[in-house]
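Peer 1: Sharing a structure with you now.
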Amino acid sequence: MRIGYGRHADPHMAVRQCAAAMGSVAPGLLLAFCGGRHAPAAMQAALHQEFGNVPIFGGSAAGAIARDGFGYGGFELGLIAFDDPSLMPQAVTTRGLLADARAAGAELGQAVAAVAAKDAAVLLLFDSVASGSPPRLHHASRILEGFHIGLGDKPVCLFGGGLLTDMNLSDGWVFDGAGIAKHAAVALVFPPGIVAETVIMHGCRPVSAFMEITRIQGAEVYELDGRPALEVIETMLGLPLGGSRGQELSLVATLGQKQGDPFAPHDENAYVNRLILRANPATGSVTLFEPDFAQGDRVQIMSRDNRLMLDSVERGTADANRRLIGPDSLLGLYIDCAGRASARSGSPVEEAEVVRNGLDRDLPFLGFYSGVEVAPFAHQPSRSLDWTGVLAVLRRRS
């Protein structure tokens, strides 16, 4: 497989930059992550003009990350060209997310179960945004709930992310092999000779004791320990009560659910964190990025800490270099929450740059900025993750 990166307002120029980086290649399949300011039809036309009538998968991205550069201005293009039949994934798709994300996930899981080998590497991509103003999301947790039901007892390594056009959750779209799609999900099932392993990078720390969710509806949390959730969170963080509409909270805090022993020493990898999408002072509620917390769950307020984030990335990249990268390694794919970019997090250092500079230079590498990340978690089936960097390394099976 070959990697290309380009950045240009003209999609034809961005594609040519990628092609120049790849050299002579005749791909059987393209995986493309396109900055959201590119018109999807124009990008599709440019890719077909350069590479022929090859199936294209992937879609919009809030930005792209590569050895040759990275950015999130909207005109980036990250491209993977598959030209080796032994590495070529098989695609299964659904366009049913809008009608019922859980049912669509089950449909996708059943299709994957029919074609996947045991422990197959499976890349899941879907458009995160169902509609905007205010944003309504295709929740990854619902898709995954259905996916695991449809998959049954076949073990796979499922990783991937939600596709966005920008960091403001304006829109998202998918290349699904047949064209440009909304409300769609694609699973790329790699051949039996390929395995995937993932490294999860966080950077949050608890700033509260455990609290019980005493009232919740879907993704909207109304009460923590019997008090209005917004009041509890803002009091704990020292923010002006009622002054937040979610923007301030989304930049500084998440709600975290610790997995396993709640009294075990702190381990950032034991937490599933949920971003706060918006707050409602009228109801005292906060809306999370995913609707998978429930009444009675015990959660903590988590501070989004940039220093911890960078430390986590440094450790995770070193861990990948030590454990996962060798002669059989084929590709490193970094699925990076868009909120971790400096423009959103306020970090003085771009954590994506830490990954691309720290990862072994012999490993082909590409990444994209996502709306939500998916990876195996805490020795359990794959879950949706927020404010996370997921590094997936594809290797030949030994």
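The values are calculated or read from the model by the stated rules, or taken from the named source; none is laboratory data. Keep in mind the model is a prediction, meaning the values are calculated, not measured. Every residue, glycine as well, gets a Cβ built from its backbone with ideal geometry; the counts of neighbours run over all protein chains shown. When the accessible area is computed, the model is the full protein with side chains, heavy atoms only, and any ligands, DNA or RNA have been set aside. Shrake-Rupley method; radii C 1.70, N 1.55, O 1.52, S 1.80 Å.
Peer 1: Quick check on the range 98-254: what are the equivalent-ellipsoid semi-axes from the Cα gyration tensor, as sqrt(5λ), descending, whole Å? Working shown, then result.
Peer 2: Numbers: eigenvalues 237, 71, 47 Å².
Here the semi-axes work out to 34, 19, 15 Å.
Peer 1: Something else: Taking all protein chains as present, what is the carbon and sulfur share of the accessible area of the range 80-156, in % to the nearest whole number, probe 1.4 Å? Please list the in-between numbers first.
Peer 2: Details: 1550 of 3120 Å².
C and S atoms contribute 50 percent here.
Peer 1: With every protein chain present, what is the per residue accessible area of the chain (1.4 Å probe, Å²)? Walk me through the intermediate numbers first.
Peer 2: Values: 14700 Å² over 398 residues.
I get 37 Å² per residue for this part.
Peer 1: With springs connecting C-alpha atoms under 10 Å apart, model the chain as a Gaussian network and identify which of Ala42, Ala120, Ala103 has the largest mean-square fluctuation.
Peer 2: Comparing Ala42, Ala120, Ala103 in a Gaussian network model of the chain, the most mobile one is Ala42.
Peer 1: Build a GNM of the chain with springs between Cα atoms under 10 Å: which of Ser384, Ser347, Ser128 gets the top mean-square fluctuation?
Peer 2: Evaluated over the chain, the most mobile residue of the options is Ser347.
Peer 1: Using a ≥ b ≥ c from the Cα gyration tensor of the range 244-317 (square roots of the eigenvalues), is it rounded, prolate or oblate, where a/c under 1.5 gives rounded and otherwise the larger of a/b and b/c decides, a/b for prolate?
Peer 2: Numbers: a/c = 2.62, a/b = 1.36, b/c = 1.92.
Oblate is the answer for the range 244-317, as a/c is 1.5 or above yet b/c matches or exceeds a/b.
Peer 1: Could you pull out every whole DSSP H run in the chain that spans at least 30 Å of Cα extent along its own axis and averages -0.5 or higher on the Kyte-Doolittle scale? If you can, show how the numbers build up before the last one.
Peer 2: Numbers: long enough: none.
Long hydrophobic helices here: none detected.
Peer 1: Mind checking the dipole of the chain: about its Cα centre, +1 per Lys or Arg Cβ, -1 per Asp or Glu Cβ, Debye to the nearest 20? It would help to have the intermediate numbers written out before the result.
Peer 2: Working: 33 positive and 42 negative charges, 65 e Å.
Taking the Cα centre of the chain as origin, the dipole is about 320 debye.
Peer 1: Check which residues have an amide H placed less than 5 Å from Ile194's amide H, if you skip close sequence neighbours.
Peer 2: Arg397
Peer 1: Can you give me the relative contact order of the chain as a percent, contacts being Cα pairs under 8 Å and 6 or more apart? Could you put the intermediate results ahead of the total?
Peer 2: Working: 1055 pairs, mean separation 73.2, N = 398.
It comes to 18 percent, rounded to a whole number.
Peer 1: Which FRET efficiency, nearest 0.05, do Asp360 and Asp119 yield, Cβ-Cβ r, R0 22 Å? Provide the component values of the computation, followed by the final result.
Peer 2: Values: r = 24 Å, r/R0 = 1.09.
Computed FRET efficiency for Asp360 and Asp119: 0.40.
Peer 1: Note down the Stokes-Einstein diffusion coefficient of the range 1-155 in µm²/s, whole number, using a Kirkwood radius over alpha carbon pairs, 25 °C, and 0.890 mPa s. Spell out each step's value before the answer.
Peer 2: Numbers: Rh = 16.8 Å.
Here the translational diffusion coefficient equals 146 µm²/s.
Peer 1: Output the Kirkwood hydrodynamic radius of the range 180-311, Cα pairs only, in Å rounded to one decimal.
Peer 2: Values: mean 1/r = 0.0619 Å⁻¹.
It works out to 16.2 Å.
Peer 1: Right, another one. For the range 59-131, build the convex hull from the C-alpha positions and give me its volume per residue in Å³.
Peer 2: Values: hull volume 9.5 nm³, N = 73.
Per residue, the Cα convex hull of the range 59-131 comes to 130 Å³.
Peer 1: Hey, another quick one. Determine which aspartates and glutamates satisfy two conditions relative to Lys154: a Cα distance under 16 Å, and not lying fewer than 8 residues away in the same chain.
Peer 2: The reachable aspartates and glutamates, counting only those whose Cα sits under 16 Å from Lys154, are Glu107, Asp119, Glu145.
Peer 1: Looking at the square roots a ≥ b ≥ c of the eigenvalues of the Cα gyration tensor of the range 331-375, which shape do they give, rounded for a/c under 1.5, prolate if a/b is larger than b/c, or oblate?
Peer 2: Details: a/c = 3.24, a/b = 1.34, b/c = 2.42.
Oblate.
Peer 1: Build a GNM of the chain with springs between Cα atoms under 10 Å: which of Ala39, Ala91, Ala338 gets the top mean-square fluctuation?
Peer 2: Highest fluctuation among the options: Ala39.
Peer 1: Keeping all protein chains in the complex and leaving out DNA, RNA and ligands, what accessible area do you get for Met43 with a 1.4 Å probe, in Å² to the nearest 10?
Peer 2: The accessible area comes out at roughly 0 Å².
Peer 1: State the percent of C-alpha pairs, over all pairs in the range 318-398, separated by a distance greater than 14 angstrom.
Peer 2: The share of Cα pairs beyond 14 Å in the range 318-398 comes to 64 percent.
Peer 1: Something else now. Size of the dipole of the range 258-338 about the Cα centre, Lys and Arg at +1 and Asp and Glu at -1 on the beta carbon, nothing else charged, in debye to 20? Walk me through the intermediate numbers first.
Peer 2: Values: 9 positive and 12 negative charges, 40 e Å.
My answer is approximately 200 debye.
Peer 1: Looking at the range 1-159, what % of its DSSP beta bridges pair antiparallel, to the nearest 5? Write down the numbers at each step before the final one.
Peer 2: Details: 17 of 27 bridges.
Roughly 65 percent of the DSSP beta bridges within the range 1-159 come out antiparallel.
Peer 1: Right, here's the next one. Report the normalised scattering of the range 283-348 as log10 I(q)/I(0) at q = 0.16, 0.29 Å⁻¹, calculated by the Debye formula with identical scatterers on the alpha carbons.
Peer 2: So the normalised log intensities work out to -0.84, -1.29.
Peer 1: While we're on this one: Let me understand the range 155-229 better: what is its radius of gyration from the alpha carbons, and its Dmax, in angstrom?
Peer 2: Calculated on Cα positions, Rg and Dmax stand at 19.1, 53 Å.
Peer 1: Positive end of the dipole of the chain, charges at C-beta (+1 Lys, Arg; -1 Asp, Glu), about the Cα centre: which of Tyr72, Pro206, Ser329 has its Cα farthest in that direction?
Peer 2: It is Ser329.
Peer 1: Follow-up question, since we're still on this one. Would you mind checking which residues have amide H under 5 Å from Leu330's amide H? H placed 1.01 Å from N; only 5 or more apart, or other chain.
Peer 2: Correct list: Leu394, Arg395, Arg396.
Peer 1: Enumerate the whole-percent occupancy of each 5 Å bin, from 0 to the last occupied one, for all C-alpha pair distances of the range 8-48.
Peer 2: 5, 22, 36, 24, 11, 2
Peer 1: Under a crude label model (7 Å from the Cα following the beta-carbon direction), how far is Gln380 from Asn321 in nanometres?
Peer 2: Going from the Gln380 label point to the Asn321 one covers 3.2 nm.
Peer 1: Then there is this: Tell me, what is the FRET efficiency for Asp311 and Glu231 to the nearest 0.05, using R0 = 22 angstrom and their Cβ-Cβ distance as r?
Peer 2: On the way: r = 32 Å, r/R0 = 1.45.
Efficiency computed from Cβ-Cβ geometry: 0.10.
Peer 1: Per residue, how big is the convex hull around the C-alpha atoms of the chain? Give it to me in cubic angstrom, could you?
Peer 2: So the per-residue Cα hull volume is 130 Å³.
Peer 1: To the nearest 20 debye, what is the magnitude of the charge dipole of the range 46-137 about its Cα centre, counting +1 on the Cβ of each Lys and Arg and -1 on the Cβ of each Asp and Glu?
Peer 2: Values: 5 positive and 9 negative charges, 68 e Å.
It comes to approximately 320 debye.
Peer 1: For His48 paired with Arg136, estimate the spin-label separation in nm (one decimal), with each label point 7 Å from Cα along the Cα-to-Cβ line.
Peer 2: Modelled inter-label distance: 3.1 nm.
Peer 1: Within the accessible area of the range 349-394, what % is carbon and sulfur when the probe is 1.4 Å and the other protein chains stay in place?
Peer 2: Values: 620 of 1290 Å².
It is 48 percent, rounded to a whole number.
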